[in-house]
Amino acid sequence: MEMAKTYEPSVFEKDLYHWWEKEGFFTPSVDSKKEPFTIVIPPPNITGQLHMGHALDESIQDCIIRFKRMQGYSALWLPGTDHASIATEVKIVEQLAKEGIDKYQLGREKFLERAWAWKAQYGGRIVEQLKCLGSSCDWSREAFTMDERCSKAVKHVFVKLYNEGLIYQGDRIINWCPECQTALSDAEVDYQEQASHFWHFKYFTPDGKTEVVFATTRPETMLGDTAIAVNPDDERYKNLVGKTVVVPFVNREIPVIADSYVEKDFGTGVVKITPAHDPNDFEVGLRHNLPVIRVMNDDGTMNKLAGKDYEGLDRYAARKKIVAEMEKIGQLVKIEDYSHNVGECYRCHTTVEPIVSKQWFVKMKPLAERAIQVVKDGEVNFVPKRFEKIYFNWMENIKDWCISRQLWWGHRIPVWYCQDCGEVICQEDTPHECPKCNSKKLKQDDDVLDTWFSSALWPFSTLGYPEETPDFKYFFPTNVLVTGYDIIFFWVARMIFSSLHHTGKIPFKEVLIHGIVRDAQGRKMSKSLGNGIDPLEFIDKYGADTLRFSLLNGVSSGGDIRFSADKVEGNRNFMNKIWNASRFVLMNSEGKQLVDISKCKLSVADKWILDKLNCVIKEVTANLENYELGVAANKLYDFVWSEFCDWYIEFSKPVLYGTDEEARTVTVSVLNYCLDKILKLLHPFVPFITESIYQNMPNHERTIMLAQYPVFDKKSIYKDDAETLDLIKEIIKSVRNARAEYGVAPSKRLHLYIRPAAKQKQIEQSSIYIEKLAGAEEITFVGKDVSFEKVVSLVSAGGEVFIPMGELVDKQKEIARLEKEAADVKSEIARAEGKLGNKGFVEKAPAKLIEQEKEKLAKYKEMLAKLNGRMEELKNL
RNA sequence: GGGCAAUUAACUCAGCUGGGAGAGUGUCUUCUUGACGUGGAGAAAGUCAGCGGUUCGAGUCCGUUAUUGCCCACCA
């Protein structure tokens, strides 16, 4: 098949993907003869559209899984999606609002119908988008957090924890989102600095004789105050403790208490205590047995307990009114400007309200212990390691996890209440009657679970847990989890403790953390900034391979990456380079019978490229095994472009365009050999272009996807000849350099006189390379005793080259040039001599290093002697 | 308040366990040789943030300062 002249990815990417999928290449089998390698995808939300963050995450995973597959593992990349309870519900509520429908009017059942319909319509969208990237996921095992299998695991785990006493229900301070009208976990609250005020108020003792001044940032909560607190050691207020003060408007008499929570030096040293609306106050309230008076409704308005002047007012309106009224009655002391952090809902960005509420919690302390231990023991490794600290910090200070949500879309809590006797029934299947009183009047808990509750089970629920399925037994624990640092708490930590507790095993051996994709200026890509790049549009324009390579080339674990147009162009050009180099090889292979290169006489250049190839195989394999994808991509880029294309292909041309048939066959064979390895090395990074070209190769296997990844040959048998060619390269480079410096047209053929520094015989045999690549019409190898007059003389590590240039040579200019070169060499000599003259170095440095340094010194001294000699000759002319 | 990272060429970043400063982009010169002008060849360009220490030797290890970014905590 003829290859097109330019690289046009849109022509083949889609077809190849369909073919791979249809052939079942993505689907591994449970095969006891093979070792498994498993990755579970961080399930994208069904509300999601593919963005650059996904593209990065998926590219990394696909690169790893393709590498492992080619290494012969039974490699499973298990895909799926997340129902994303709150995020999806928010979307559907919005959609309903556009139709003028209220969620509560619609009712739970109808609402869920809408949600499922929504899932059916949009849930598959992101999956299709993943395919555009080339993700080699096993779609036959695709999961969804609310499918039957995952739901079963969720119920099983809930009941298990409940029976173990690790899930409990209680009235606690939780973060409440008045917009979404649900509780949130601590992790779901984002803090933003906001400019606000610090209101100083005063309360009086009932007799009106004594006042106490305090400051607050939330005046409206004073209606729920049940105490005033001071520090026990605060002399200023000692005589106040035990007295009472009156909360205006509600006319409640509340005690002044002493608690060490209060800091003497902050504000006035007096704190109003509102147990129902502040986590710290709640704790103080418990210690002092204070009443808990909740003055707010779920929607953020004030309730009856706030008094009839405030009932029904929005919290901010109430705040305004309180301040005004306090001023009126002379109890407003002053207002300071104050900037502080305010928590907001991570989904709708409404300011959350700490509120006392009855919720379900997971007891974290017992679960956290082992989760910390496995990371400490290195059973689970974070890459890079520094993220372990973040993990420990969180795990060690963890509070109980609020898991109930007042939402409808999600896993409904498997708890039923008997309407007659009040029995609480927690079980996996829906009960038909109360086990205690046989009543049939049972009502299921209205709440659903935190979306992260099901995500926490993902690595094992998707593989069949709690059943001991063949997949679960074979593919679990998984090998590596790839994700961004932004969800370590939400997800990674919870998977670790969940897996340990429920399966008794770690969920994965390694956690590969990456950063986020930023724009060219280093800004986060966001909708509001409008600086996001749509990966799909991008793929249309440049192809998936360019996108993948742009994300992978230069990615370092844990770091953010910048995505700039420049970089992209460069990588697209690289694809084009691969394409055209391949075209060159294939065009020259037409009609040729390839030979086994291990059995024929190879040229110096052949051996050189094979040696370099062998080195790059070793390094890239090691990098990939250590998940250093960015480094590996970079090395391949360099090898393919600089060594294979710029040098080897050029070396091959004199042979290919020559007349020696046998040599041509060998060179074509080496070209094919290298290209085959190059495509395989690159395949995990850029699957489409490599497969597309591979299918045009002579003697190719069915698919490159399942071909063996190149293996390093320890023998390195071509080292010596490779060194010869390095000398030749030096000679060529020095001639090219001189041509540019003297402005000699490339078309001008030169007569070169060469005195190689070493390996003269081998270099003479390979003079054809110098001839072609340095533009020589004739080459004469000379010995030591020859001297020249009107020449430019070049001294390099490869040896000396003399170029007669007739009148072109300006004597003074040439001397000046040689001076400059001599200066460089002299500084090298000075460096080496300094080192070798240093007693400490000679005594303590490794012998090998000293030897190398001596060799360098000798080499430079020789070069300097040549340069000096040449300058003498010129001066005497 | 606590923690983490970054600081290397004009720009974006590599530089693994200490042993002669690298790449890409951009800039400048130059080249229509039969893979590729999305290309080839060549060049200029860096007190490796500052200071101190360890070492025969520090971009690399330690301490410290500065600047920037991020995370956690949330004293009302």
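The values are calculated or read from the model by the stated rules, or taken from the named source; none is laboratory data. Note that this is a predicted model, so its numbers are computed, not measured. Quick reminder, even Gly has a Cβ in these numbers, built from the backbone with ideal geometry, and neighbours come from all protein chains shown.
Summary table
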| quantity | calculated |
| --- | --- |
| Selection count where residues are of a type in the set (Lys, Arg), surrounded by fewer than 17 Cβ atoms within 10 Å (Cβ to Cβ) and under 28 Å from residue A:657 (Cα atoms), scope the stretch A:752-794 | 1 |
| Breaking point among (1) modelled with pLDDT of 95 or more; (2) buried (at least 19 other Cβ atoms within 10 Å of the Cβ), for residue A:645 | (2) |
| The stretch A:244-282: number of residues that are over 17 Å from residue A:232 (Cα atoms) and either assigned to a strand (DSSP E or B) or more than 7 Å from RNA strand B (Cβ to nearest atom) (or both) | 15 |
| Cross-chain or 6+ apart pairs with Cβ under 9 Å, the stretch A:381-406 first and more than 19 Å from residue A:512 (Cα to Cα), then of a type in the set (Gly, Ala, Ser) and near RNA strand B (Cβ under 9 Å from one of its atoms) | A:401/A:187 |
| Test: residue in the stretch A:299-313 that is within 15 Å of RNA strand B (Cβ to nearest atom), in contact (Cβ under 8 Å) with a residue 24 or more places away in the chain and closer than 26 Å to residue A:177 by Cβ | no |
| Within the stretch A:421-477, helices (runs of 4 or more DSSP H) holding 3 or more residues that are at pLDDT 95 or above and under 23 Å from residue A:86 (Cα atoms) | A:451-455, A:458-461 |
| Scope the stretch A:185-244; condition acidic (Asp, Glu) and crowded, with 17+ Cβ neighbours inside 10 Å; matching residues | A:188, A:220, A:225, A:234 |
| Filter result for residue A:67 (touching a residue at least 40 places away in the same chain (Cβ under 8 Å), of a type in the set (Phe, Trp, Tyr), in a helix (DSSP H, G or I) and more than 18 Å from residue A:546 (Cβ to Cβ)) | yes |
| Flag if residue A:573 is near RNA strand B (Cβ under 8 Å from one of its atoms), farther than 30 Å from residue A:723 by Cα, surrounded by fewer than 18 Cβ atoms within 10 Å (Cβ to Cβ) and not aliphatic (A, V, I, L, M) | yes |
| Leading residue by the ranking (surrounded by the fewest Cβ atoms within 10 Å (Cβ to Cβ)) among those in the stretch A:540-570 that are within 8 Å of RNA strand B (Cβ to nearest atom) and among the hydroxyl-bearing types (Ser, Thr, Tyr) | A:556 |
| Cβ pairs under 7 Å, 6+ apart, first in the stretch A:361-372 and within 24 Å of residue A:406 (Cβ to Cβ), second part of a helix (DSSP H, G or I) and modelled with pLDDT of 95 or more | A:362/A:161 |
| Any pair with Cβ under 7 angstrom, 6 or more apart, that starts in the stretch A:545-561 at a residue that is free of Cβ contacts under 8 Å to residues at least 60 places away in the same chain and ends at one that is more than 9 Å from RNA strand B (Cβ to nearest atom) and part of a helix (DSSP H, G or I) | A:550/A:568 |
| Subset of the stretch A:134-184 (residues that are in a strand (DSSP E or B) and under 27 Å from residue A:430 (Cα atoms)) | A:143, A:144, A:167, A:168, A:169, A:170, A:171, A:182, A:183, A:184 |
| Only one of A:686, A:711 that is surrounded by fewer than 20 Cβ atoms within 10 Å (Cβ to Cβ), of a type outside the set (D, E, K, R) and either under 38 Å from the mean Cα position of the chain (by Cα) or under 25 Å from residue A:627 (Cβ atoms) (or both) | A:711 |
| Condition met for residue A:30 (assigned to a loop (DSSP other than H, G, I, E, B) and farther than 13 Å from residue A:135 by Cα) | yes |
| Residue within the stretch A:576-588 that is in contact with a strand residue (DSSP E or B) (Cβ under 6 Å, 6 or more places away or on another chain) and either at pLDDT below 95 or near RNA strand B (Cβ under 9 Å from one of its atoms) (or both) present | no |
| Extreme residue, farthest from RNA strand B (Cβ to nearest atom), among residues of the stretch A:521-538 that are closer than 16 Å to residue A:567 by Cβ and surrounded by 13 or more Cβ atoms within 10 Å (Cβ to Cβ) | A:535 |
| The stretch A:382-414, residues that are modelled with pLDDT under 95, touching a helix residue (DSSP H, G or I) at 6+ places or on another chain (Cβ under 8 Å) and part of a strand (DSSP E or B) | A:382 |
| Residues satisfying the stated conditions in the stretch A:592-641, i.e. of a type outside the set (A, V, I, L, M) and more than 16 Å from RNA strand B (Cβ to nearest atom) | A:593, A:596, A:598, A:599, A:600, A:601, A:603, A:606, A:607, A:611, A:614 |
| Matching residues, the stretch A:319-352, being over 15 Å from residue A:199 (Cα atoms), aliphatic (A, V, I, L, M) and either assigned to a strand (DSSP E or B) or without any contact (Cβ under 8 Å) to a residue 12 or more places away in the chain (or both) | A:342 |
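So that you can scan it fast, the table gives a plain yes or no per residue for (1) more than 8 Å from RNA strand B (Cβ to nearest atom); (2) closer than 21 Å to residue A:737 by Cα; (3) crowded, with 17+ Cβ neighbours inside 10 Å; (4) in contact (Cβ under 8 Å) with a residue 12 or more places away in the chain:
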position	(1), (2), (3), (4)
A:796	yes, yes, yes, yes
A:804	yes, yes, no, yes
A:824	yes, yes, no, no
A:831	no, no, no, no
A:838	no, no, no, no
A:843	no, no, no, no
A:852	no, no, no, no
A:855	yes, no, no, no
